[in-house]
Structures are given as structure tokens and as C-alpha cells.
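Novice: Please find one structure pasted underneath; my questions will follow.
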Amino acid sequence: EGAKGAGGALTAAASASGLSVPGMEQEPPMKVCPCCPALSYKQRLIGCACCMLIGALLSLGSFLSFAKLLLGNPVPFALKYTLGNILSLGASSFLVGPARQCRTMFAKERRAASLAYLLTLAGTLLSIFWLRLAILALLFILLQFAALTWYMLSYIPYGRALASRLVRRQLVRHGVLSPATAPIRPAVEPS
């Protein structure tokens with residue numbers, strides 16, 4: 001009976017938050033956004049998982065082309081890496097819908113990180129297809145990784161403040177910054 005009570009509590013909590021627990025009840029398809037087809041919770045989870053998996057495989061698989069990048073042909077690496085990131089970023093749209101995804105991305109606390117990330121994605125593609133400059137593509141790939149990291153840290157409470165403190169501390173330790181020019185402040189997230 002304890003398991004049934006816990007399952008009932010889980011189902012009640014999930015329905016109160018607007019979610020469904022797979023296997024507990026059948027949810028009719030619902031629209032997460034007016035521009036998207038109606039999908040059940042299970043279908044949305046599968047879509048999210050598939051996008052994440054394909055995105056991760058593309059991003060990780062891009063490292064098989066890393067030698068080509070170093071030899072001056074950035075297209076295979078940059079294209080796979082960027083498309084993998086775009087798919088991974090879009091995966092959460094299956095769960096919350098593209099409109100809510102954009103609202104979340106462009107909320108005040110992560111607007112700059114989102115814009116930087118999207119601009120580096122676009123810059124990477126422009127540098128390999130239009131400008132055809134390998135060194136610029138490499139720069140955008142590195143910036144893309146940094147912008148993605150900063151964007152992801154915005155979802156972790158105090159994540160960016162902690163990362164800033166760690167980087168600042170390492171730069172001081174290795175003599176890049178002097179302790180006087182880089183005071184270590186308490187980790188406080190802006191409200």
C-alpha cells in the first residue's frame with residue numbers, strides 16, 4: 001500500500017504541476033505551442049530524447065573530423081559540431097514548446113548568454129560557408145563552446161558566479177591577473 005500511496009502522491013504532484021507520469025495514466029495529446037502539433041507526454045519525451053541523442057552524437061562525432069580542422073578544412077568539424085548544438089538546444093522545445101523556450105532563453109538573466117551563443121552558432125556557419133576562413137571558423141567554434149558553457153551555467157543557481165570566481169582565481173594563481181586587479185567577490189547571483 002505504501003508504494004501505491006507514493007505513486008498516488010507522485011501522480012497528484014505531477015498533475016498539480018501540469019505534468020504527467022508515464023505509466024500512471026494516459027494523457028491525451030496536448031499542444032505545447034499553437035504552431036506545433038499536439039503530442040502526448042510520451043511523444044514529447046521521445047522527441048526530446050531523440051534530438052538530444054542525435055545532437056550529442058553529431059557534436060561528439062565532429063571530433064572525428066578534428067584533424068581536418070587543424071589541416072585547414074573546418075567544414076566537416078564545424079558543421080557537425082554546430083548542427084549537434086542546434087539539435088541539442090532544440091530538444092527542450094519538445095517539452096516546453098518553442099515559444100516558452102524562447103521566452104526562457106531571452107529572460108533578463110540569460111539574454112546576453114543566449115544572444116552570444118546564437119551569434120556564435122551563426123558566425124561558425126557563416127565563416128565556413130560564406131567567408132571560408134578556417135582560422136575564423138576555429139575562433140567561432142571556441143567562442144561557441146564558451147558561450148554554450150556560459151548559457152548552461154545560467155540555469156544552475158549561482159553557476160555563473162561560481163565559474164567566474166574559479167576562473168578569476170586560476171588567472172591570479174598563474175600570474176595572468178594581479179590580486180589587486182581581480183578581487184574575488186562573494187558569489188551572488190543578480191536578481
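The values are calculated or read from the model by the stated rules, or taken from the named source; none is laboratory data. Just so it is clear, the model here is predicted, and its values are computed rather than measured. Positions of Cβ are backbone-derived with ideal geometry, glycine not excepted, and every protein chain shown enters the neighbour counts. For the accessible areas, the whole protein counts, side chains as well, though only heavy atoms, and no ligand, DNA or RNA atoms are used. Shrake-Rupley method; radii C 1.70, N 1.55, O 1.52, S 1.80 Å.
Novice: Positive end of the dipole of the range 49-154, charges at C-beta (+1 Lys, Arg; -1 Asp, Glu), about the Cα centre: which of Leu87, Gln144, Ala107 has its Cα farthest in that direction?
Specialist: Ala107
Novice: Further question on the same structure: If packing is taken as the mean number of other Cβ atoms within 10 Å per residue, what is the order of 77-90, 152-165, highest first?
Specialist: 77-90, 152-165
Novice: Could I ask something else about it? Per residue, what accessible area does the range 108-166 have, given a 1.4 Å probe and all protein chains present, in Å²? Walk me through the numbers before you get to the answer.
Specialist: Details: 3570 Å² over 59 residues.
Per-residue value: 61 Å².
Novice: Remind me, what semi-axes does the range 33-77 give for its equivalent ellipsoid, largest first in whole Å, using sqrt of 5 times each Cα gyration tensor eigenvalue? Present the calculation step by step, with values, prior to reporting the outcome.
Specialist: Numbers: eigenvalues 237, 27, 3 Å².
Semi-axes, largest first: 34, 12, 4 Å.
Novice: In addition: Restricting the calculation to Cα positions, tell me the Rg (one decimal) and the Dmax (whole number) of the range 28-161 in Å.
Specialist: 16.2, 53
Novice: Please compute the net charge surrounding Ala147, taking Lys and Arg as +1 and Asp and Glu as -1 over other residues with Cβ under 13 Å from its Cβ.
Specialist: Once positives and negatives cancel, what remains is +3.
Novice: Can you give me the distance in nm between label points at Val176 and Leu162, each placed 7 Å from the Cα along the Cα-to-Cβ direction?
Specialist: That separation, rounded to one decimal, is 2.1 nm.
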